[in-house]
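Worksheet for the structure shown next.
Just so it is clear, none of the values below were taken in a lab; they were calculated from the coordinates. Please read these numbers as outputs of a predicted model, since none were measured by experiment. Using ideal geometry, Cβ is built from the backbone for each residue, glycine included, and neighbour counts are taken over all protein chains shown.
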Amino acid sequence: MDNQNEIFELDYHAVKIKVQEILIANQTVFRVAFSDNRKPLALVRTTNGTSHFWTSVPEGRQREAEEIGDLVANYIKTKQ
Amino acid sequence: MCYYNGQKVTRAEYIRLKQLEKTIANYGFLDKQLIDGFDYGNSAVLKPLAGKEDFELVEMEWGFIPSWLKSYDEATHMRRGGMNPATGKFDTPLTTLNAIGEEMLEKKMYQKSAREKRCLVLSSGFYEWRHIFPLNKKTGQPLKTAVKYPYYITLPEKEYFYMAGIYNTWTDKTTGESLDSFAIVTTKANPLMEEVHNAKKRMPTILNEELAYEWMFGKLDDKRITELAFTQYPYEKMYAYSLSKDFKSALNPLERVDYSELPPINLPRYIEEAALLKPNPIEKDDLRQGNLFG
């Protein structure tokens, strides 16, 4: 990985998640690890040309991506 | 417009996300600063998946192997040349690192691949030699032998960019093994590359995201294939700087080296912008794939 930042913890539907911002090939990706048995999730911001939203990479976990993405955005805003 | 994860995204975003997907899965795969074409090694290539608007990020051998060769020994002979035991004659080496965009559809070797097997070669920059003819101190006339200065050419706004490629899935008839190999499509040099690669005045066909998508996924007729192959990336968005003459063996081959005898690149707009577009400092573990052309 290019760069690894601090890990922060959030609550997602009563499940503890650990989030780490990682720079991969000059692109920011958030790696999410769950305290239950779910597989880790990679989140990125994307655009449809008019607005921006969160998505998972690879595809398949859009709902989690949007919900956790909003939590991550709130955490970063609050931190600043 | 395309769909990723059931959501509408732009074409450029689609290709970025798909690439990121593969990068995450294959991390470490691109950790090469310098790829010398004449080593005929592997490079990272985006290879389309049949029947889908999706691709694999794979390693392919740089140096197109035509279908009619029967064994890898024959491929090596084609590349190196040498005495042909069957004919008793000396065969000259045939370099297939690059496919000339203007001739690609006329050449038996490349025709089918240009129509059916187009790919994208990932690059973070490429190398070319600038030929300067020193003046004879007595006569003031240029000497006949040029001094060659290596240059590194990048797109400062892009960490990675796409070169048009064509590939062939070749089967070694003596072993049954299959191997994907590719050639980078080249076009006429833009004004910057005319100055840098001043001996041949050629450059790789660099495609922006929209054109890259079309090159890889589009159902293209010969006219459109040729148009895309002729694409000249705008020189104002490129940056070139000189390197050490022994950069191939240097610890950091991308370190800038200036030469007092080397005339500046004579493009006013480019020179103005170049001051703002300094190349990023290179970290030791930076992920780069530079392509060294012949």
Quiz item: In peptide A:41-52, how many Cβ atoms from other protein chains are near each Cβ within 10 Å, on average?
Solution: 4
Quiz item: Given the convex hull over the Cα atoms of the stretch B:52-171, what projected area results after averaging over all orientations, in nm²?
Solution: 12.5
Quiz prompt | Mean Cβ neighbour count within 10 Å, used as a protection proxy, ranking B:255-266, B:141-152 highest first | solution = B:141-152, B:255-266
Quiz item: Can you sort B:Cys2, B:Cys119 by how many other beta carbons sit within 10 Å, fewest first?
Solution: B:Cys2, B:Cys119
Quiz item: If the limit is 30 Å between Cα atoms, which of B:Lys158/B:Lys248; A:Lys16/A:Lys77; B:Lys18/B:Lys245; A:Lys39/A:Lys77; B:Lys70/B:Lys245; B:Lys108/B:Lys173 go over it?
Solution: B:Lys18/B:Lys245; B:Lys70/B:Lys245
Self-check item: Virtual spin-label span in nm between B:Val147 and B:Trp68, 7 Å along Cα→Cβ
Solution: 4.5
Quiz item: What average count of beta carbons from other chains do you get within 10 Å of the Cβ of residues in B:5-14?
Solution: 6
Self-check item: Linear extension gain, B:Asp54 paired with B:Tyr259, 0.36 nm per residue minus alpha-carbon span
Solution: 69.3 nm
Quiz item: So which aspartates and glutamates pass the test for B:Lys138, namely a Cα distance under 20 Å, with those fewer than 8 places away in the same chain ruled out?
Solution: B:Glu261
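Lys and Arg at +1, Asp and Glu at -1: add these up for the other residues within a Cβ distance under 13 Å of B:Val196 and post the number.
My count for the surroundings of B:Val196 gives +2.
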Quiz item: Taking every residue in B:155-164, how many Cβ atoms of other protein chains lie within 10 Å of its Cβ, on average?
Solution: 1
Quiz item: Among A:His13, B:His197, B:His77, which comes first, then next, by fewest other beta-carbon atoms within 10 Å?
Solution: A:His13, B:His77, B:His197
Exercise. First check a/c for the stretch A:3-79, with a ≥ b ≥ c the square roots of the eigenvalues of its C-alpha gyration tensor; if it is under 1.5, answer rounded, and if not, answer prolate when a/b is larger than b/c or oblate otherwise.
Key: rounded
Quiz item: Hey, fewest Cβ within 10 Å first, where do B:Tyr235, B:Tyr241, A:Tyr75 land in order?
Solution: A:Tyr75, B:Tyr241, B:Tyr235
Practice problem: Determine the dipole magnitude for the stretch A:3-79: charges of +1 sit on the beta-carbon of Lys and Arg, -1 on that of Asp and Glu, nothing else is charged, the reference point is the Cα centre, and the result goes in debye to the nearest 20. | Solution: 100
Quiz item: Taking K and R as +1 and D and E as -1, what net charge do the other residues with C-beta under 13 Å from the C-beta of A:Ser51 add up to?
Solution: 0
Quiz item: In the neighborhood of B:Lys70, defined by Cβ-to-Cβ distances under 14 Å, what is the net charge if each Lys or Arg adds +1 and each Asp or Glu adds -1?
Solution: -3
